[in-house]
Structures are given as C-alpha cells and as structure tokens.
Amino acid sequence: MPDPDFPDTNILVYAYDPSDRQKQRIARELVRKATDGESTISTQVLAEFAATVLHKMKPAPRAEDVAAVLDALAAIPIVRPDAEMVRRAVEAHALYGVHFYDGMIVAAAERAHCPRIWSEDLNAGQAHFGSTVENPFL
C-alpha cells in the first residue's frame, strides 16, 4: 500500500460546507479516499475542523451534526501531537517560514510518512520535511 496523503483542515471544511459546490465535490472525494485508508490526519485537523464549522459557518450547524461528521471521520488514522512534534513545528517555522500551527501540520505529515499534503492554505509545490503541498482546487 502506498504512503498516505495528509489532508489539511480546509479539505474537511470544504467537504462539509455547501457554499462552494465545486470545492465541496473535490473535498468530498478526498475525504472519501481518506476514510478508505488512503490518508492520515492529526488531532489538530479534527479540532480545527470542529472549531471552524461550529464558530465560523453560517448558519452554524448543530453540535450533534458536527459530532456525527467526526464519528464518520474516525475511520481515518490519526497522528497525535507530542513534545517532539511541537519542536518539529518550531523547526518548520524556522526553515520554511510557516505559521506555527501550519508547522504542526507539516510535522504530523512527516511523522505519518505522507508524501503529499492536500492544502489550500500552504504554498502549492513547496516541500516540507519530505512532504509536498498540493492544492486540489487549482
């Protein structure tokens, strides 16, 4: 089996958000592949997803609906942060100029041996610790 991809938070948000149907279609396909075992995510991605849809999406979804989505995403393998990952995120910040929390994404993708990070927020084409960013919406 090939190494997994790493979807960033925006992929999960677009899969849930109907405001852009084209992005939603692409994101849903990536989430489907993720739940089929083709991806790994981090607890940070799940937390950012929940916070974004609960506090920024209008109209705000019911907490029960967000919990149901999180239950469906439970099939995706999870990378859990620890002190070494935090340190690696600081190194990503220093080496690549990324925000600390983007550094946590990079560090999680590295730990999971993901050759690709799906993200709209990071710079497409840039490599970080062996993982290359691709924007699926371009």
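Rundown of residues vs (1) closer than 18 Å to residue 17 by Cβ; (2) of a type in the set (Lys, Arg), yes/no style:
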position: 30; (1), (2): yes, no
position: 50; (1), (2): yes, no
position: 57; (1), (2): yes, no
position: 67; (1), (2): yes, no
position: 80; (1), (2): no, yes
position: 100; (1), (2): no, no
position: 134; (1), (2): no, no
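Annotation note: Cβ proximity below 6 Å between a residue of the stretch 46-72 that is under 16 Å from residue 105 (Cβ atoms) and a residue that is polar (S, T, N, Q) (sequence gap 6+ or interchain) occurs for 48/9; 49/9.
Output the residues belonging to the stretch 80-92 that are assigned to a loop (DSSP other than H, G, I, E, B) and surrounded by 15 or more Cβ atoms within 10 Å (Cβ to Cβ). Of everything in the stretch 80-92, just one residue is assigned to a loop (DSSP other than H, G, I, E, B) and surrounded by 15 or more Cβ atoms within 10 Å (Cβ to Cβ), namely 81.
Conditions (1) surrounded by 16 or more Cβ atoms within 10 Å (Cβ to Cβ); (2) part of a helix (DSSP H, G or I), marked per residue:
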position	(1), (2)
94	no, yes
103	yes, yes
123	no, no
138	no, no
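Give the residue that is surrounded by the most Cβ atoms within 10 Å (Cβ to Cβ), with candidates limited to residues of the stretch 12-45 that are among the basic types (Lys, Arg) and out of contact with any strand residue (DSSP E or B) (no Cβ under 9 Å at 6 or more places or on another chain). The qualifying residue surrounded by the most Cβ atoms within 10 Å (Cβ to Cβ) is 23.
Output the residue which, of all residues in the stretch 1-19 that are assigned to a loop (DSSP other than H, G, I, E, B) and modelled with pLDDT of 95 or more, is farthest from residue 70 (Cα to Cα). Only one residue fits best here, namely 4. Test residue 48 against the stated conditions and say whether it is at pLDDT 95 or above, surrounded by fewer than 13 Cβ atoms within 10 Å (Cβ to Cβ) and more than 16 Å from residue 130 (Cα to Cα). Judged against the criteria, residue 48 is not a match.
The values are calculated or read from the model by the stated rules, or taken from the named source; none is laboratory data. Quantities reported herein were computed from a predicted structural model and do not represent experimental measurements. Every residue, glycine among them, receives a Cβ derived from its backbone with ideal geometry; neighbour counts consider all protein chains shown.
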